[in-house]
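Asker: Mind having a look at this structure? Questions to follow.
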Amino acid sequence: MVFSRLKSSPYTVPILKGLAWVPVAIFFVDHGYSYAVISGRSMQPTFNPDSNMLRKDIVLLDKWSTTDHKFKRGQVVTLKSPIDAKCTITKRILALPGDTIVPLRKKDEVVHVPEGHVWVEGDEAFHSRDSNSFGTVPIGLVNAKVSYILWPLSRFGPVEIKPVNTERVKTNVFKPGQHK
C-alpha cells in the first residue's frame, strides 16, 4: 500500500533523482573542493590582515590536488596538527623533502627535511605554532591546498605562492632517501 502511494506520487521521481546526487556531493566535498574559515593571526597578512577577530577570511580548499603529494615551496596548505589531531591548521610550506632549513629560533641548527615530510610555517612567524615548534611534518597530514580567498570580496582571488627565504632554505641539498 505504501509502495503504491509512492509510485503514484508526482514527487517520487524528482526526489529519487535528487537523492542519487547525494553520494556525488559527499565525494566532491570530501575529495574535491570545499571551503574553510580561517581564524587567528598566524597567517597574517595573507589571511585576516586587519586583526579584526570578527572578520575572518573564507577560502577555497583544493583537496583533489593533494592526492599526488606534489607541493611547491611557498604554497599555503591545510593540515592536521601534529600535536592535536582534532585541529586543522593553515600554514605555508617552506621546505620539501631533500631540503635543509635553519629554524627561526635556533639559528645555529640545520634541519634536513626527510622523505615524506615538509617544513611548514605561519606567515606571522612569532605568532605561529609551526615546524619551528614541532619539527618536520609528514606529508600525509596535509589535506588541502588553499587556492582562493572567497571572502571578503575586496580580497577575492588566488592565494599567492610566495618565494622562500634562500638564506634559510637550501633546496635539494640531499636526495630523499639519502641519510644525513
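Asker: Listed residues Val77, Val164, Val118; which is touching a residue at least 60 places away in the same chain (Cβ under 8 Å) and part of a strand (DSSP E or B)?
Answerer: Details: Val164 fails: part of a strand (DSSP E or B); Val118 fails: touching a residue at least 60 places away in the same chain (Cβ under 8 Å).
Testing whether each residue is touching a residue at least 60 places away in the same chain (Cβ under 8 Å) and part of a strand (DSSP E or B) leaves just Val77.
Asker: Considering each of Val111, Val76, Val59 in turn, give the residue that is within 16 Å of Thr136 (Cβ to Cβ), in contact with a strand residue (DSSP E or B) (Cβ under 6 Å, 6 or more places away or on another chain) and at pLDDT 95 or above.
Answerer: Within the list Val111, Val76, Val59, the selection yields Val111.
Asker: Sticking with this one: In segment 93-103, is there at least one residue being outside any strand (DSSP E or B), in the same structural domain as Asn143 (by TED's automatic domain parsing) and without any contact (Cβ under 8 Å) to a residue 60 or more places away in the chain?
Answerer: Step one: list which residues in segment 93-103 are outside any strand (DSSP E or B), which gives 96-99, 102-103.
If we keep only those that are in the same structural domain as Asn143 (by TED's automatic domain parsing) as well, we get 96-99, 102-103.
Keeping just the survivors that are without any contact (Cβ under 8 Å) to a residue 60 or more places away in the chain gives 103.
Within segment 93-103, one or more residues are outside any strand (DSSP E or B), in the same structural domain as Asn143 (by TED's automatic domain parsing) and without any contact (Cβ under 8 Å) to a residue 60 or more places away in the chain.
Asker: Hey, another quick one. Show the residue pairs that are 6+ apart or on different chains and have beta-carbon atoms under 8 Å apart, the first residue being within segment 10-35 and at pLDDT below 70, the second being of a type in the set (Ser, Thr, Tyr).
Answerer: Going by the 8 Å Cβ cut-off, the qualifying pairs are His31/Thr67.
Asker: For segment 153-163, indicate whether the set of residues that are more than 28 Å from Val110 (Cα to Cα) and out of contact with any strand residue (DSSP E or B) (no Cβ under 7 Å at 6 or more places or on another chain) is non-empty.
Answerer: yes
Asker: Would you mind finding the one in Gly74, Gly32, Gly116 that is among the small types (Gly, Ala, Ser), in contact with a helix residue (DSSP H, G or I) (Cβ under 8 Å, 6 or more places away or on another chain) and within 30 Å of Ser154 (Cβ to Cβ)?
Answerer: Gly32 is the lone residue from the list that is among the small types (Gly, Ala, Ser), in contact with a helix residue (DSSP H, G or I) (Cβ under 8 Å, 6 or more places away or on another chain) and within 30 Å of Ser154 (Cβ to Cβ).
Asker: Still on this structure, I have one more. Is it true that Asn132 is surrounded by 18 or more Cβ atoms within 10 Å (Cβ to Cβ), under 17 Å from Thr100 (Cβ atoms) and over 13 Å from the mean Cα position of the chain (by Cα)?
Answerer: Yes: the conditions hold for Asn132.
Asker: Scan segment 85-108 residue by residue and report those that are under 17 Å from Val142 (Cα atoms) and either of a type in the set (A, V, I, L, M) or in contact with a His (Cβ under 8 Å, 6 or more places away or on another chain) (or both).
Answerer: Passing the criteria: Ala85, Ile89, Ile93, Leu94, Ala95, Leu96, Pro97.
Asker: Residues Asp84, Asp68, Asp108, Asp123: which one is crowded, with 17+ Cβ neighbours inside 10 Å and either not polar (S, T, N, Q) or not in a strand (DSSP E or B) (or both)?
Answerer: Testing whether each residue is crowded, with 17+ Cβ neighbours inside 10 Å and either not polar (S, T, N, Q) or not in a strand (DSSP E or B) (or both) leaves just Asp123.
Asker: Would you mention how many residues in segment 122-161 are under 24 Å from Leu54 (Cα atoms) and free of Cβ contacts under 8 Å to residues at least 40 places away in the same chain?
Answerer: The total comes to 7.
Asker: Contact list please: Cβ distance under 9 Å, first residue in segment 47-58 and farther than 16 Å from Ala36 by Cβ, second residue assigned to a loop (DSSP other than H, G, I, E, B) and among the small types (Gly, Ala, Ser), pairs at least six apart or on different chains.
Answerer: Pairs that qualify, where the first residue is farther than 16 Å from Ala36 by Cβ and the partner is assigned to a loop (DSSP other than H, G, I, E, B) and among the small types (Gly, Ala, Ser), are Met53/Ser39; Met53/Gly40.
The values are calculated or read from the model by the stated rules, or taken from the named source; none is laboratory data. Given the structure is predicted, the values throughout are model-derived calculations rather than measurements. No Cβ is skipped: glycine too gets one built from the backbone with ideal geometry, and neighbour counts run over all protein chains shown.
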